[in-house]
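**Q** A single structure is presented below for examination.
Read-outs: derived from the displayed coordinates by stated rules, not from any lab. Since the model is a prediction, treat every value here as computed from it, not as a measurement. Because the Cβ atoms are built from the backbone with ideal geometry, glycine has one as well, and the counts that use them run over all protein chains shown.
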Amino acid sequence: MGVSLKDSGDEFGEVAEINVTPFIDVILVLLIIFMVAAPLSTVDVAVDLPTSNAPPQPRPDKPVFLTVKEDLTLALGNEPLSREALQATLDQQTSNDRDQRVFLRADQTVAYGELMKVMNLLRTSGYLKIALVGQEDVNGAAPPTPTPGATP
């Protein structure tokens, strides 16, 4: 509460205005805290990244999708496939073109070691161009939950 010292007689009158001096002091302290803390909150690794001058690769007309399901079985496209028949079926699908890219996708519950086993199967079959497929995370939203029995 403030007191007015204007000449209004013998009595001091109360001032009905807000005293903003403490408010400004608090704001200045907060500003200093944020100015000190802001550089500490960013983690920055100095890396000089190279630029790529490679032209973008055209998308294939008929991509080859190899899927590792939750129960660790394989599917080429939508057809189930045994691990033993992988090379023969891929050769048939790609017309023996081992330079064709194979798009590998797996259920998120598949362990990393199991995915590496499938990648090693592809390597021993002669397919060295492997692309991993995943869902894009748009605006931090969780990916949609697939319905049981649906193929990704």
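**Q** Residue by residue through the stretch 19-42, note down the ones that are outside any helix (DSSP H, G or I) and out of contact with any strand residue (DSSP E or B) (no Cβ under 9 Å at 6 or more places or on another chain).
**A** Narrowing the stretch 19-42 to residues outside any helix (DSSP H, G or I): 19-20, 42.
If the condition is that a residue be outside any helix (DSSP H, G or I) and out of contact with any strand residue (DSSP E or B) (no Cβ under 9 Å at 6 or more places or on another chain), then Val20, Thr42 are the ones that fit.
**Q** Is it fair to say Leu115 is buried (at least 16 other Cβ atoms within 10 Å of the Cβ) and more than 23 Å from Pro60 (Cα to Cα)?
**A** Values: buried (at least 16 other Cβ atoms within 10 Å of the Cβ): yes; more than 23 Å from Pro60 (Cα to Cα): yes.
Yes; evaluated as a whole, the condition is true for this residue.
**Q** Here's a check for you: in the stretch 53-101, which residue that is part of a helix (DSSP H, G or I) and of a type in the set (Val, Ile, Thr) is farthest from Leu132 (Cα to Cα)? Step through it out loud before you land on a result.
**A** Step one: of the stretch 53-101, the residues part of a helix (DSSP H, G or I) are 86-94.
Next, only the ones that are of a type in the set (Val, Ile, Thr) stay: 89, 94.
Numbers: Thr89: 20, Thr94: 18 Å.
It comes out as Thr89.
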